[in-house]
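Quick notes on the structure that follows.
The values are calculated or read from the model by the stated rules, or taken from the named source; none is laboratory data. Just so it is clear, the model here is predicted, and its values are computed rather than measured. Don't worry about glycine lacking a Cβ; one is built from the backbone with ideal geometry, like all the others, and counts go over all protein chains shown.
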């Protein structure tokens, strides 16, 4: 049982099976909502694919000269890990829009009047986003293979990269939930998530950080997506994973996940008190 339920538990609701059952109900509800409104879910796949086509296929021959051996194939290999990280960032942040829609349309207020575990509402959003993110990762990676991407990491490397990206998606989704709860409108939620969705561009995903101007290079080296990109790249390419990059990637994931969860819990509880 989550701490959100512990804080508000009653004898009728304070049991783990009920929390799990209600969370699964909310998960099904969010997945069905995604099927009824596929445009938002499809965007998490279409946008990364567009970037793969734009940077990898169209500009790849020219941009590949800056990443070692050069050429389109080399650049597609270089940017694919960043595109996968961008995929989970886009998918997770779209949760903010979904939560904001539920808040503004009164759905969450209606759920509060029902005999369900309070935390299940947010847990359903998080688990639904995680499922969709994993599906998006598979489809985007399949498209990357279709345009020439190849990995030398083998099944173990791919599974390791997916495990890290799933953890990042889970952490970012809690941040997205908090941003959605804190937004007064759906439009506000869609605006506030843009900086997070743009972070992958300001890291080592598309060009090496040592080619950037000094100020931007410093930011790129220490922002979350650079160690995530480097670790995913090493896992997929079958090269030795740098310990410091892995540590930073896991550290940032933990900070974002715990921070997003605690922030979400605070906002959700504050809204309940106001009501």
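Can you confirm whether the range 245-263 contains a residue that is within 15 Å of the chain's Cα centre (by Cα) and within 21 Å of residue 141 (Cα to Cα)?
Yes, the range 245-263 has at least one match.
Name every residue in the range 163-187 that is modelled with pLDDT under 90 and either closer than 22 Å to residue 135 by Cα or surrounded by fewer than 17 Cβ atoms within 10 Å (Cβ to Cβ) (or both), in order of residue number.
Answer for the range 163-187, where residues must be modelled with pLDDT under 90 and either closer than 22 Å to residue 135 by Cα or surrounded by fewer than 17 Cβ atoms within 10 Å (Cβ to Cβ) (or both): 184, 185, 187.
Considering each of 27, 4 in turn, give the residue that is at pLDDT 80 or above, over 30 Å from residue 151 (Cα atoms) and part of a helix (DSSP H, G or I).
Testing whether each residue is at pLDDT 80 or above, over 30 Å from residue 151 (Cα atoms) and part of a helix (DSSP H, G or I) leaves just 27.
Does residue 83 qualify as being closer than 22 Å to residue 160 by Cα and within 20 Å of the chain's Cα centre (by Cα)?
yes
Being surrounded by fewer than 20 Cβ atoms within 10 Å (Cβ to Cβ) and under 30 Å from residue 119 (Cα atoms) is true for just one of 250, 202, 246. Which residue is that?
250
Residues to consider are 64, 68; find the one that is touching a helix residue (DSSP H, G or I) at 6+ places or on another chain (Cβ under 8 Å), outside any helix (DSSP H, G or I) and modelled with pLDDT under 85.
The match here is 68.
Whether any residue in the range 103-121 is under 21 Å from residue 160 (Cα atoms), surrounded by 24 or more Cβ atoms within 10 Å (Cβ to Cβ) and either touching a residue at least 12 places away in the same chain (Cβ under 8 Å) or touching a strand residue (DSSP E or B) at 6+ places or on another chain (Cβ under 6 Å) (or both) is what I want to check.
no
Using the structure shown, decide if residue 211 is touching a residue at least 40 places away in the same chain (Cβ under 8 Å), farther than 27 Å from residue 183 by Cα, over 16 Å from the mean Cα position of the chain (by Cα) and surrounded by fewer than 14 Cβ atoms within 10 Å (Cβ to Cβ).
So residue 211 passes the test.
Determine, yes or no, whether residue 89 is surrounded by 19 or more Cβ atoms within 10 Å (Cβ to Cβ), at pLDDT 90 or above and under 19 Å from residue 253 (Cβ atoms).
yes
Assuming residue 158 fulfils every condition listed in (1) farther than 30 Å from residue 265 by Cα; (2) assigned to a loop (DSSP other than H, G, I, E, B) apart from one, which condition is it?
So residue 158 meets the others, but not (2).
Report the residue count in the range 181-195 for those that are within 14 Å of the chain's Cα centre (by Cα) and touching a residue at least 40 places away in the same chain (Cβ under 8 Å).
1
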